1. Please identify the trypsin sites (Lys or Arg not before Pro) of region A:1-48 that satisfy two criteria: DSSP loop assignment and at most 14 other Cβ atoms within 10 Å. Which are they?
2. Along region A:83-92, what does the Karplus equation 6.51 cos²θ - 1.76 cosθ + 1.60 (θ = phi - 60°) give for ³J(HN,Hα), rounded to whole Hz, x for Gly and Pro?
3. Rounded to the nearest 0.05, what FRET efficiency do A:Thr5 and B:Ser12 give with R0 = 35 Å and r taken as the Cβ-Cβ distance? Could you check?
4. Which whole number gives the average, over all residues in B:42-49, of C-beta atoms from other chains lying within 10 Å of the residue C-beta?
5. Given the protein chains as shown and a 1.4 Å probe, how many square angstrom of A:Thr112 are accessible, to the nearest 10?
6. Distances longer than 19 Å among the Cα atoms of region A:17-114: what percent of all pairs is that?
7. Given H placed on each backbone N at 1.01 Å, which residues far from A:Phe47 in sequence or on other chains put an amide H within less than 5 Å of it?
8. Please give the net charge around B:Ala93, taking every other residue with its beta carbon less than 15 angstrom from that of B:Ala93, where Lys and Arg add +1 and Asp and Glu add -1.
Amino acid sequence: KAGVTQTPRYLIKTRGQQVTLSCSPISGHRSVSWYQQTPGQGLQFLFEYFSETQRNKGNFPGRFSGRQFSNSRSEMNVSTLELGDSALYLCASSRGGPRTDTQYFGPGTRLTVL
Amino acid sequence: AQKVTQAQTEISVVEKEDVTLDCVYETRDTTYYLFWYKQPPSGELVFLIRRNSFDEQNEISGRYSWNFQKSTSSFNFTITASQVVDSAVYFCALSGGGSSYDKVIFGPGTSLSVIP
């Protein structure tokens, strides 16, 4: 059974640019959550999608957005990148949601903003 | 507001010692879920356990055990007879109810080093 895949694995951007990260969940999983991990702030919840609907959102500015497609694949977008957006972005999938079902994490996308 | 505190930033133990990782949480919800995740040096987070607020029964799974106490808002994790492969960062996490449903809040993590 294939795990959660994230593309790209590494990304270097400059301030002001925008970036799109992709996450393919485990087959049959309808919930996808995104997290940002930094040394200073730790693991922070960005948003969670279930069947193409955003069910919850963390405390991030509107520059951070996401969406989920009918095949459960998800993308997150960060516009007008800032140096502080440099982080490991993790995606996790579960069948019905992280509360009640095991959440499986992908390897992450390492974003560096110069 | 929901919050997870892991007071221990780093712990070092010698192989075969027992080690307990502390977790204290805050929530006003009556229904909530608690989790432990492990992040080994390879970086990929791994789910270890989930407990709901109505299930205070403590659990043992191999060398791992968990102690959930609602009275002290604690959800501690113990590794018995630690091994080098247990070296990782361990995160305690919380998911509440209401508008926080399916929003998982992580603690800052405890870095465990098991020395051979």
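1. Numbers: sites: A:Lys1, A:Arg9, A:Lys13, A:Arg15, A:Arg30; in loops: A:Lys1, A:Arg9, A:Arg15, A:Arg30.
Sites meeting the loop and neighbour criteria: A:Lys1, A:Arg9, A:Arg15.
2. 4, x, 7, 4, 5, 9, 9, 10, 10, 9
3. 0.55
4. 5
5. Result for A:Thr112: roughly 50 Å² accessible.
6. Details: 1649 of 4753 pairs.
The proportion of pairs with Cα distances above 19 Å equals 35 percent.
7. Answer set, sorted by chain and number: A:Trp34, A:Gly58.
8. With Lys, Arg at +1 and Asp, Glu at -1, the net is 0.
The values are calculated or read from the model by the stated rules, or taken from the named source; none is laboratory data. Keep in mind that what you see is a predicted model, and the values were worked out from it rather than measured. Backbone-built Cβ (ideal geometry, glycine too); neighbour counts: all protein chains shown. Ligands, DNA and RNA are excluded from the accessible area calculation, which covers all protein heavy atoms including side chains. Shrake-Rupley method; radii C 1.70, N 1.55, O 1.52, S 1.80 Å.
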